[in-house]
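First the structure, in the form of structure tokens, and then the observations on it.
The values are calculated or read from the model by the stated rules, or taken from the named source; none is laboratory data. All values reported here derive from a predicted model rather than from experimental measurement. Every residue, glycine as well, gets a Cβ built from its backbone with ideal geometry; the counts of neighbours run over all protein chains shown. Only protein heavy atoms, including side chains, enter the accessible area calculation; ligands, DNA and RNA are left aside. Shrake-Rupley method; radii C 1.70, N 1.55, O 1.52, S 1.80 Å.
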Amino acid sequence: PGERYPLVPVSATDQKRALNLLRDYLFAKNAFHFPQNVFLKLAPNPYPDLMQAVLGNIRQDAPVRDTISAMQRSVLNQLFNPQTLNRIANNEFKASNGTVTTLSLPTLFRTVADAVWEEARNGSAVDSLRRQLQRAHLKTLTDMITQPSATAPDDAKMLARYHLRQLKGILHAAQKKVKDPYTQIHYAEAIEQINKALDAQVTIGAPPPAVRTLPLLLGQ
């Protein structure tokens, strides 16, 4: 009696604070709005990979956009990894008795979506880095329903489908406001991908189609 629980989920306050930290400094629209001369001062890696040096594939510039984009994709993959989503879902269940509070799947999905697609909500243009991030987020959601992981919780797949429907409506409305051609085409492509994902049919456990051999065709 009175003994502590062996394992307690991190409190909702701490988890939301961590998620908001990622939102503000990695996914927000102005997260990487540094003065342009900062990027121009960056140089390529002075110690390239040996194989790159042998093959002559050494970059002569600092791929700033690609480096930042890779960081954003990496964190997205961790946040929406099936194991992470499963832990959140199980923590929600453990916390259902009211003794503790924890981060919920709807909070995770909504927080990230609102930050990533901020421009679509206010009608502003989307720059190159942000388009990369939005494509990565869109792929994360579409993969959940077109290439579903057997280990991901069903609630996460349900939320992915819900947010894709929501995003489709937001993008349709944003297309009428934005004037930037890059952004217009980007939104059109995103809507097309969402339509394909929502219309996709996934057959689970279906046997492979039978091979019709010559004797079978002859009725033997």
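Structure summary
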{"quantity": "Residue within region 146-156 that is modelled with pLDDT of 95 or more, in a helix (DSSP H, G or I) and within 17 Å of Ala190 (Cβ to Cβ) present", "calculated": "no"}
{"quantity": "Leading residue by the ranking (surrounded by the most Cβ atoms within 10 Å (Cβ to Cβ)) among those in region 168-202 that are part of a loop (DSSP other than H, G, I, E, B) and touching a residue at least 24 places away in the same chain (Cβ under 8 Å)", "calculated": "Val178"}
{"quantity": "Any hit, region 127-136, residues being surrounded by 16 or more Cβ atoms within 10 Å (Cβ to Cβ), more than 17 Å from the chain's Cα centre (by Cα) and of a type in the set (D, E, K, R)", "calculated": "yes"}
{"quantity": "Selection status of Ile68, at pLDDT below 95 and crowded, with 16+ Cβ neighbours inside 10 Å", "calculated": "yes"}
{"quantity": "Region 16-33 - residue that is aromatic (Phe, Trp, Tyr) and open to solvent by less than 90 Å² (accessible area, probe 1.4 Å) and, of those, nearest to Phe109 (Cα to Cα)", "calculated": "Phe27"}
{"quantity": "Meets criteria (without any contact (Cβ under 8 Å) to a residue 12 or more places away in the chain, surrounded by fewer than 17 Cβ atoms within 10 Å (Cβ to Cβ) and not aliphatic (A, V, I, L, M)) for Arg165", "calculated": "no"}
{"quantity": "Arg23 being under 30 Å from Ile145 (Cβ atoms) and modelled with pLDDT under 90", "calculated": "no"}
{"quantity": "Residue count, region 112-162 (criterion: over 26 Å from Tyr182 (Cβ atoms), touching a residue at least 40 places away in the same chain (Cβ under 8 Å) and charged (D, E, K, R))", "calculated": "1"}
{"quantity": "Of all residues in region 92-124 being open to solvent by 50 Å² or more (accessible area, probe 1.4 Å) and at pLDDT 95 or above, the one that is nearest to Asp154 (Cα to Cα)", "calculated": "Pro106"}
